[in-house]
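Working notes, beginning with the structure itself.
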Amino acid sequence: MRAVLMAGGSGTRLRPLTCDLPKPMVPILNRPIAEHIINLLKRHDITEIVATLHYLPDALRDYFQDGSDFGVQITYSVEEDQPLGTAGCVKNIAELLDETFLVISGDSITDFDLTAAIEFHKQKKSKATLILTRVPNPIEFGVVITDEDHRICRFLEKPSTSEIFSDTVNTGAYILEPEVLEYLPANTESDFSKDLFPLLLAKGEPMYGYIAQGYWCDVGHLDAYREAQYDALEQKVNLDFPYQEQFSGVWIGQNTYIDPTAKIEAPVVIGDNCRIGARVYIEPGTIIGDKVTIGADANLKRPIVWNGAIIGEEAQLSACVISRGTRVDRRAHVLEAAVVGSLSTVGEEAQISPGVRVWPSKKIDSGAILNINLIWGNTAQRNLFGQRGVQGLANIDITPEFAVKLGAAYGSTLKPGSRVTVSRDQRNISRMVTRSLIAGLMSVGIDIQNLDATAIPIARTVIPTMGVAGGIHVRVHPDRADYILIEFMDAKGINISKAQEKKIEGAYFKEDMRRSLIHEIGDVAYPSQVVDEYCTAFEKLLHIDTLRNSRAKVVIDYVYAVSGAVLPQMLDKYGADAVVLNASLNKTAMSATDRETLLTQLGHVVEALKANFGIQVSANGEQLILVDESGIPIRGEMLTALMVDMMLTSSPRGTVVVPVHASSAVEQIARRHDAKVIRTKANPTALMEASYKNPNVVLGGSADTGFIFPQLHPGFDAMFCIAKLIEMLTIQERSLASVRSELPRVIHKSHIIRCPWTAKGALMRYLVETHPAQNLELIDGVKICQQYDDSWVLLLPDASEPLVHLYANSHDRDWVDENLRNYRARIQAFVEREQEQVVAEV
């Protein structure tokens, strides 16, 4: 059998290690990852190899040459112009593949039994067999579900946290029949997981998943690289050590001198031709490459030191990576998770702080303390974007320097000269962050339309009219007063897609932001009449005469957070009486307790003034809580149901879009009005996209997020919601209390359960496997439905915290209480078993 070794990866998330080295050539136990893969192939009698190359192809070609020194025969295929993708580059060598062949990644570490996988493929008469494994946290991999016969029935490439439905993932190793390549176009970029496998699934071709036992690590980022090194050293994976084991757990190469006073604790690897000085202390987990010199009294606590490095006297290295040819001078400290690129110099008594990355060929002066990536940037993070935009502690996580870099990263994903809007709430912290974002955007040649302090519904309304590439809005987080939330919008005013988020993260982490010349620096403009544009669009969607005849009286509580100028003026223009409370601005954001106190006060005011209703507006004009004429709050699932009922009464046979966890009252109301319900993932972007793209949508959202009126703009808008409520109550001759009394009676309860990140995928798989497929909905999380009514239970992983949200919904209170208890107990028991297993493995 012939193998295709995918060795074209540039390893952008491994930078700076891969700035001058392709990812398959990054060393594990002092030998390239690709060499370990070749050794694995050879162990299974696969000696004919075709290596596909793209990034720095000469590095791999020069090392392996024709493969004869390694006991194999290697042919090379180089993608000269542009990468063709994982499948496209294999299609490119189809003439070399005239029988069953294996495709394997050159940048992962594994000891899978390939012989067993090949036998499985032949036994199943499969056209394509994916070698699968189970991982604790599948969010960065393609998730796969197979049936009882191991035939693949569903997969999802790199899911978000809430999309996880299994912990069984695609390892990037496949056994294929040559005819499957006929489905691919020639000389076209294509991917196995995104293009070929979905096509084979749709065509009904036999495609199976072989769940392999053994070790597998995708060396896709720096944490995974360190983990793979330490696992290899501890022999958790079956790899060939390049040196003799001199004594238990200590491998030492040839012609290496170790001073008798040096102290070495196993396990340790020390390469060929090294010099270890007096009183050096090498702690367990340390890996030292070939031709490394370590000065006297140095202390090495689990570092990974590449070939040719020089470590000075009394230097301290702690769980860091020191790349090829780097010099760390006397008494310098390189701390945990720091990475120093090749041919760099760390001066005497300098310190590189934890997690800092230094690009190749840099010099750090003596005595310097480096707290940011050299030359430009901050400490590396795993992800920027969460469930909703970029968020973090104000002026701790979200700092001016962070915002400058984030703005430059976003701008670098756009064409030079593009325009974007920037808006914010009225807080000083938001002004500071916004100005920093603007500086970053300008530095990469992006022009700014500065909307300044503007409610986010207004920003979303005007973005499509301004010919901009997108927009940014900065505000205090609606749910956390000490957090800043930065949201990115596309040219339609919708929150950007996950794909665009990944591009921004890529630019941020790779730190290769564009740098504009002086005459290319972006400009800042301050557009006028933004509020007027919003008001004009607002008025077009209302029955103005109805509002004028309503003589409604409403009380609006702005909770000391947003300007009360726009909506009260508009309502006054229409003849409605708007009483505004708390419209001034507090320097500090309100806590949840403070908002509850103000809500009670609002109820008293509504009752005293005999107003039609009251509204507490929050989230910079996106969200609201209603108070009826008796001063009773309407919120949560009741508010969602009330808005659905009123909108479908006004627009029967319309469509409403709600999140997956909204109560079944929505469906019951829709049936009354011959209407349609679309449920989406439980995140704002999914609600916006579905409301915008689907025809005849009259309302989107929920009480948790706010409500979308897609004819106005694609975002949430509490201001328009208030005016629309006055109109509908007038036309329908109803009060909020009467509408509430007519809503379906549904019991809808929720509970939050702690669940470690590493157990989420396994928990979702357990739920899928222990319930009949016909009872499951996998829109977001796992929903278990009853066939005979609208009763259901939903398990929804939290996207930002180690939590799972449990919802139960039914007309029967006892059923809800019983299922909440049962599933809570099942989940807690499962999590405990998983943790016990982890402890046992450790």
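The values are calculated or read from the model by the stated rules, or taken from the named source; none is laboratory data. Source: prediction; values computed, not measured. All Cβ positions, glycine included, derive from the backbone under ideal geometry; neighbour counts span all protein chains shown. The area values use the complete protein model at the heavy-atom level, side chains included, leaving out ligands, DNA and RNA. Shrake-Rupley method; radii C 1.70, N 1.55, O 1.52, S 1.80 Å.
Going by the conditions given, is V554 surrounded by fewer than 21 Cβ atoms within 10 Å (Cβ to Cβ) and in contact (Cβ under 8 Å) with a residue 60 or more places away in the chain?
Judged against the criteria, V554 is not a match.
Looking only at the range 435-472, count how many residues are surrounded by fewer than 19 Cβ atoms within 10 Å (Cβ to Cβ), in contact with a Gly (Cβ under 7 Å, 6 or more places away or on another chain) and part of a loop (DSSP other than H, G, I, E, B).
Residues meeting the conditions: 0.
Tell me yes or no: at least one residue of the range 773-786 is out of contact with any Gly (no Cβ under 8 Å at 6 or more places or on another chain), open to solvent by 30 Å² or more (accessible area, probe 1.4 Å) and more than 19 Å from V660 (Cα to Cα).
Scanning the range 773-786 turns up no residue that is out of contact with any Gly (no Cβ under 8 Å at 6 or more places or on another chain), open to solvent by 30 Å² or more (accessible area, probe 1.4 Å) and more than 19 Å from V660 (Cα to Cα).
Could we say that D594 is of a type in the set (D, E), assigned to a helix (DSSP H, G or I), touching a strand residue (DSSP E or B) at 6+ places or on another chain (Cβ under 7 Å) and open to solvent by 50 Å² or more (accessible area, probe 1.4 Å) here?
So D594 does not fit the description; no.
Here's the yes/no breakdown for (1) assigned to a helix (DSSP H, G or I); (2) open to solvent by 10 Å² or more (accessible area, probe 1.4 Å); (3) in contact (Cβ under 8 Å) with a residue 24 or more places away in the chain:
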| position | (1), (2), (3) |
| --- | --- |
| L181 | yes, no, yes |
| N187 | no, yes, yes |
| L200 | yes, no, yes |
| E205 | no, yes, yes |
| Y208 | no, yes, yes |
| G220 | no, yes, yes |
| D223 | yes, yes, yes |
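Identify, by number, the condition in (1) under 30 Å from P22 (Cβ atoms); (2) in contact with a Ser or Thr (Cβ under 8 Å, 6 or more places away or on another chain); (3) hydrophobic (A, V, I, L, M, F, W, C); (4) surrounded by 23 or more Cβ atoms within 10 Å (Cβ to Cβ) that L343 doesn't meet.
Only one criterion is unmet by L343, namely (4).
In the range 131-175, how many residues are modelled with pLDDT of 70 or more, surrounded by 19 or more Cβ atoms within 10 Å (Cβ to Cβ) and in a loop (DSSP other than H, G, I, E, B)?
The qualifying residues number 4.
Spot the failing condition for E818; the list is (1) open to solvent by 20 Å² or more (accessible area, probe 1.4 Å); (2) within 22 Å of R765 (Cβ to Cβ), and only one is missed.
In the conditions (1) open to solvent by 20 Å² or more (accessible area, probe 1.4 Å); (2) within 22 Å of R765 (Cβ to Cβ), E818 misses (2) alone.
Of the residues E834, E801, which single one is within 20 Å of the chain's Cα centre (by Cα) and open to solvent by 30 Å² or more (accessible area, probe 1.4 Å)?
E801
Hey, can you tell me all the residues within the range 225-251 that are open to solvent by less than 60 Å² (accessible area, probe 1.4 Å) and either assigned to a strand (DSSP E or B) or closer than 26 Å to V180 by Cα (or both)?
Taking the range 225-251 as the starting set, the residues that turn out to be open to solvent by less than 60 Å² (accessible area, probe 1.4 Å) are 225-226, 228-233, 237, 239, 241-243, 249-251.
V250, W251 - these are the residues of the range 225-251 that are open to solvent by less than 60 Å² (accessible area, probe 1.4 Å) and either assigned to a strand (DSSP E or B) or closer than 26 Å to V180 by Cα (or both).
Exactly one condition in (1) within 26 Å of R551 (Cα to Cα); (2) at pLDDT below 95; (3) in a loop (DSSP other than H, G, I, E, B); (4) not hydroxyl-bearing (S, T, Y) is false for P695; which is it?
(1)
Report every pair of residues separated by at least 6 positions or lying on different chains whose Cβ atoms are under 6 Å apart, first residue within the range 406-417 and at pLDDT 95 or above and part of a helix (DSSP H, G or I), second crowded, with 19+ Cβ neighbours inside 10 Å and of a type in the set (S, T, N, Q).
A408/S443
What are the residues in the range 36-57 that are open to solvent by 20 Å² or more (accessible area, probe 1.4 Å) and under 32 Å from the mean Cα position of the chain (by Cα), if any?
Scanning the range 36-57 gives H54, Y55, L56, P57.
Report, ordered by the first and then the second residue, all pairs with beta carbons closer than 7 Å, sequence separation of six or more or different chains, a first member in the range 621-646 that is over 19 Å from K749 (Cβ atoms) and open to solvent by less than 20 Å² (accessible area, probe 1.4 Å), and a second member that is assigned to a helix (DSSP H, G or I) and among the hydroxyl-bearing types (S, T, Y).
none
Restricting to the range 473-495, name every residue that is open to solvent by less than 10 Å² (accessible area, probe 1.4 Å), within 18 Å of R460 (Cβ to Cβ) and among the aliphatic types (A, V, I, L, M).
Residues satisfying the conditions are V474, L485, I486, M489, I494.
What's the number of the only condition in (1) in contact (Cβ under 8 Å) with a residue 60 or more places away in the chain; (2) out of contact with any Asp or Glu (no Cβ under 9 Å at 6 or more places or on another chain); (3) not in a helix (DSSP H, G or I) that R13 fails to meet?
Of (1) in contact (Cβ under 8 Å) with a residue 60 or more places away in the chain; (2) out of contact with any Asp or Glu (no Cβ under 9 Å at 6 or more places or on another chain); (3) not in a helix (DSSP H, G or I), only one is false for R13: (3).
Please verify whether I731 is among the aliphatic types (A, V, I, L, M), touching a residue at least 60 places away in the same chain (Cβ under 8 Å), over 30 Å from P136 (Cα atoms) and open to solvent by 10 Å² or more (accessible area, probe 1.4 Å), treating the condition exactly as stated.
When the stated conditions are applied, I731 passes them.
When residues of the range 62-119 are filtered for being of a type in the set (D, E, K, R), open to solvent by less than 60 Å² (accessible area, probe 1.4 Å) and either modelled with pLDDT under 95 or not in a loop (DSSP other than H, G, I, E, B) (or both), how many remain?
The total comes to 3.
How many residues does the range 603-640 hold that are assigned to a helix (DSSP H, G or I) and under 28 Å from V658 (Cα atoms)?
Count: 9.
Residue by residue through the range 754-772, note down the ones that are within 22 Å of the chain's Cα centre (by Cα) and crowded, with 19+ Cβ neighbours inside 10 Å. Steps first, answer last, please.
The first filter runs over the range 754-772 and keeps only residues within 22 Å of the chain's Cα centre (by Cα), leaving 754-765.
Within the range 754-772, C755, A759, K760, G761, A762, L763, M764, R765 meet the criteria.
Can you tell me which residue is modelled with the highest pLDDT among those in the range 564-585 that are part of a loop (DSSP other than H, G, I, E, B) and over 14 Å from E727 (Cβ atoms)?
Kept after step one, since they are part of a loop (DSSP other than H, G, I, E, B), are these residues of the range 564-585: 564-565, 574-576, 582-585.
Restricting the remaining residues to those that are over 14 Å from E727 (Cβ atoms) gives 564-565, 582-585.
Numbers: G564: 49, A565: 60, N582: 89, A583: 84, S584: 80, L585: 75.
Looking at the filtered set, the residue picked out is N582.
Tell me, yes or no, whether the range 740-749 has at least one residue that is touching a Leu at 6+ places or on another chain (Cβ under 7 Å), within 22 Å of A662 (Cα to Cα) and part of a loop (DSSP other than H, G, I, E, B).
yes
Hey, can you tell me all the residues within the range 256-274 that are within 19 Å of S323 (Cβ to Cβ) and either among the hydrophobic types (A, V, I, L, M, F, W, C) or open to solvent by 60 Å² or more (accessible area, probe 1.4 Å) (or both)?
Passing the criteria: V269, I270, N273, C274.
I need the full set of residues from the range 698-728 which are open to solvent by less than 20 Å² (accessible area, probe 1.4 Å), of a type in the set (D, E, K, R) and not in a loop (DSSP other than H, G, I, E, B), in order please.
Answer for the range 698-728, where residues must be open to solvent by less than 20 Å² (accessible area, probe 1.4 Å), of a type in the set (D, E, K, R) and not in a loop (DSSP other than H, G, I, E, B): just E727.
Cβ-Cβ under 9 Å, sequence separation 6+ or interchain: first residue in the range 301-321 and buried (at least 24 other Cβ atoms within 10 Å of the Cβ), partner aromatic (F, W, Y). Which pairs?
Short answer, once both residue conditions are applied: I304/Y225; I304/Y230; V321/Y225; V321/W306.
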